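Asker: Structure incoming, see below.
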Amino acid sequence: MSHPSLLTAVHDVLAQSVLPVQATESVHPLSTEYITVTAQLGAVINTTNRLNHALNQLNDLPLGENATKLVALMKEHTALTSSINQSTAASVSLSSLLRGDNRAIYPDASPPHPAKIAEWGRNLGMEVFVDGSTTVLAGKVLVLDIDINDHVAVKTSFANNANGNGNTSAAPELDAFLAQEVTRWINAARRAAGIDSAVGHSREDPAIEAARRSRAIQEHLRYLMMLDGLAAAENEKGLRWFMEPTVVSDHIRKQVVSPQMEDLDKFLTQHALPLPYLVAPSLSFIVWLSPRGYLQLLRSSPPSKQSSMWNIDIPIAHLKTSMLDTLEDVTIATLKLVPCTEVAKSKMDSSDVPGDHMLLAAPSQMWVLDFTTKLPQNGVVMCQSRMRVIQGIVESRPIDMISMGNMSSMGSMSSLGNMSNMNFGEFGVASSQTNGSGGTGRSWVDLLVNNNSSAEYYTATYKSPNDIHPPLHLRLLAPPEPGFLLQRVPVRSVKQVSRVLEVVRGQCWLNESLSILQWSPETPVLKSSHRPSNAEQGMPPEDAASTTLLASVLAGTVAPQSIPVNVYLPSSALSALSQPVDPFTSQHSGLGMGPPASAGSSSGASLFGPSDLEMEMDIPGLSMSMGGSMDMDLGMDISTPTDTMQQSHGPETCPPPMIVLTSPRPVSRNGLVEIRITSGEGHGENGVWVEASPGVETGYMSDAVRRGGVWSLPGRVWNKG
């Protein structure tokens, strides 16, 4: 067997040089492209070593009188090899359009027919029997009867199920899911073929929709055939692979279900809702639902008196049928099996938690939580500190989920993949701009609201629907934490699944709150030497305007054109808002500042880079340039040490998600109002806890936040005076 030439090896690397990820995406062990990218980087390194070795040998080769002839032969060989490699690369490029997960979707206007379902089954190695409108697809264990005559009906049975009844389905929930998917494909195909344009409704081209739904059904059948192979290897015990989604769902339900009826949005602030066969033939979790999405579900929900295993106000059947149409307002995680070659290797320990359920294990497969259902984001934007918490959960290390404390020793996952010698501290960060402490110059907020570039501040305007207060001009300081796109998390137990989803839920609350408004990068205002007069602007003379304004100020009835609001997203724990502090002896920072990393800090070994506590942070609207304290009538100390390098390096923390809003009090009063909104389990009845400066009523605020009115709170305080 001849070895490939050096030029062929170089061409192979060049053919794969276009990475399958965008430049703004983060490639890390919890992303779907990690294995592909690390394999390509490994190929580059290996080819570089071979190139270096070959050039060294060529340099030592004695040429003598045959140098000219040797060079001519090498040129001829190079031209022939290059031509062959270019032809091969072109063929591979064309064939890649017809294979792989990212291949193009071509319109399909052919009418639905059982022969198509039979073709899908044959392509996957299934035995196929067609009888009129009924198609039977059989694997080694799994048998599917699909009837598309008038009303789509699917019946699942198992060949090695000795207790099965021929008249009943072995997996009714799987039957309902597959019947729904086939029905959606048939409706789209009938519209595309012009048979019945009144069937179903969609804004998508029917031919494209039909092709997309047919591909989705084939993916479902491919996943079921993977389970079929695992089940066939275990004989009668193999049925547990098909029943695992229901087993895990029942295990979670027994632990979290409430004896009393709960609102769905309140339930989701404490737990993720497991739903078998929601978007795939596996178990999916509703991690987060926006207030708008919940309101749509509530208004469209039919009255139902049926008893449900989940005591929530939305019927499960309606939730499943409606959820696929509101993907932009929901975060879904799917627990499924993938080949081990597609997941980064990690040091995952067994769970010793009493009452935990260990997921089924197979040598060639691994369970992952997949967050790529939501498009076009194709993942969940996460801040660095929460990614590090997830890293610790995957490695089964003890973590305080209340304070998210002590993340300083997370370095063992740096050995993920085949390139264990690489430093993954900065690998995959979306921007190459870094600050002095080793952190990235691009914030996770940039990845969420401004993916193409970065900015230090973002601004947005909130207007009251009822005009009860002036418009709010919000100014957000982008946190100096890099962002990552969370796509896949390997798990081995239900406890790990719950803890990962708890961390993701907090981030989803922040992401959804920010996504309510349209944020724009703040642009500097250029000072103009010429100031237009009031007459040019169509305004009253200055004397009249000044007199009117003075009278309004004296009467306390002045209404500003807008109310400035500073927005701060803390990356570390803050001191209590109403905590009494001695302004002359206090040395702690009430705003959660942390010292920069000292030499030899262990945080650099972590997978997701240095902690946010190692970055300098300032608070919008509040001067941090002064040593000592400033009393701004906020009931808290705002002090900074004169030398932060002399502080002790505390543990790296990731507090519960919090939004801090600072705005001026009404004209009749002085000072600023600070409002802190914290989300998470155990934070009030609505899953949020609201604190405010002394004298500010907060009883109504948690319900307003629950309904998506987090940005209206400063205006409500202003309106109440």
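The values are calculated or read from the model by the stated rules, or taken from the named source; none is laboratory data. Predicted model, so just to flag it, every value in this text is computed and none were measured. Cβ coordinates were reconstructed from backbone atoms using ideal geometry, including for glycine residues, and neighbour counts include every protein chain displayed. Surface accessibility is based on the protein's heavy atoms, side chains included, excluding ligands, DNA and RNA. Shrake-Rupley method; radii C 1.70, N 1.55, O 1.52, S 1.80 Å.
Asker: Can you tell me how much longer the chain between A79 and E127 gets when fully stretched, taken as 0.36 nm per residue apart minus their C-alpha distance, in nm with one decimal?
Answerer: 12.4 nm
Asker: About the Cα centre of the stretch 112-262, what is the dipole size in debye to 20, counting +1 per Lys and Arg Cβ and -1 per Asp and Glu Cβ, all else neutral?
Answerer: Using only the charged Cβ atoms, the result is roughly 260 debye.
Asker: Output ³J(HN,Hα) for the stretch 37-50: one whole-Hz value per residue in order, computed from phi by the Karplus curve 6.51 cos²θ - 1.76 cosθ + 1.60 with θ = phi - 60°, and x for Gly and Pro.
Answerer: 5, 5, 5, 5, 5, x, 5, 5, 5, 5, 5, 5, 5, 5
Asker: Between S575 and N466, take the C-beta separation as r, use R0 = 35 Å, and let me know the FRET efficiency to the nearest 0.05.
Answerer: 0.45
Asker: Name the residues whose placed amide hydrogens come within less than 5 Å of the amide hydrogen of Q365, ignoring near sequence neighbours (fewer than 5 apart) on the same chain.
Answerer: C340
Asker: Moving on to the next point. Determine how large the accessible area of E76 is when every protein chain is in place; take a 1.4 Å probe and give Å² rounded to the nearest 10.
Answerer: My reading of the accessible area for E76 is about 110 Å².
Asker: How large is ³J(HN,Hα), in whole Hz, for each residue of the stretch 489-495 in order, when computed from phi with the Karplus curve 6.51 cos²θ - 1.76 cosθ + 1.60 and θ = phi - 60°, using x for Gly and Pro?
Answerer: So the J values, rounded to whole Hz, are 10, x, 9, 10, 9, 5, 4.
Asker: Show me, for the stretch 275-292, the HN-Hα J-couplings you get by feeding each phi into the Karplus relation (A = 6.51, B = -1.76, C = 1.60, θ = phi - 60°), rounded to Hz, glycine and proline as x.
Answerer: Computed from phi, the couplings for the stretch 275-292 are 9, x, 6, 8, 10, 7, x, 8, 9, 10, 10, 7, 8, 8, 10, 5, x, 5 Hz.
Asker: Leaving ligands and nucleic acids out of the surface, order M74, M126, M243 by accessible area at 1.4 Å, largest first.
Answerer: Sorted by accessible area, descending: M74, M243, M126.
Asker: Then there's this: What is the stretch 187-298 by shape, rounded, prolate or oblate, if you read a ≥ b ≥ c off the alpha carbon gyration tensor as root eigenvalues and call it rounded for a/c under 1.5, prolate for a/b larger than b/c, and oblate otherwise?
Answerer: Oblate, since a/c reaches 1.5 and b/c is not below a/b.
Asker: Please give, to one decimal in nm, the separation of the simple spin-label points placed at S515 and S301, each 7 Å out from Cα toward the Cβ.
Answerer: So the two model labels end up 2.1 nm from each other.
Asker: Then there is this: For T168 and Q260, FRET efficiency with R0 = 45 Å and r from the beta-carbon atoms, rounded to 0.05?
Answerer: 0.85
Asker: Further, regarding this structure: Which far-off residues, 5 or more places away or on another chain, put their amide H under 5 Å from the one on A692, with H placed in the peptide plane?
Answerer: The list, which skips near neighbours in sequence, is R676.
Asker: List every residue whose amide H lies under 5 Å from the amide H of G483, counting only residues 5 or more places away in sequence or on a different chain, with H placed 1.01 Å from N in the peptide plane.
Answerer: Close amide H contacts, sequence-distant or interchain: A430, W444.
Asker: Tell me, in nm to one decimal, what length is gained between S453 and T134 on full extension, where the rule is 0.36 nm per residue of separation less the Cα-Cα distance?
Answerer: Stretched fully, the S453-T134 segment lengthens by 109.4 nm.
Asker: Would you kindly state how much longer the chain becomes between A361 and E342 on full extension, computed as 0.36 nm times their sequence separation minus their alpha carbon distance, in nm to one decimal?
Answerer: 5.2 nm
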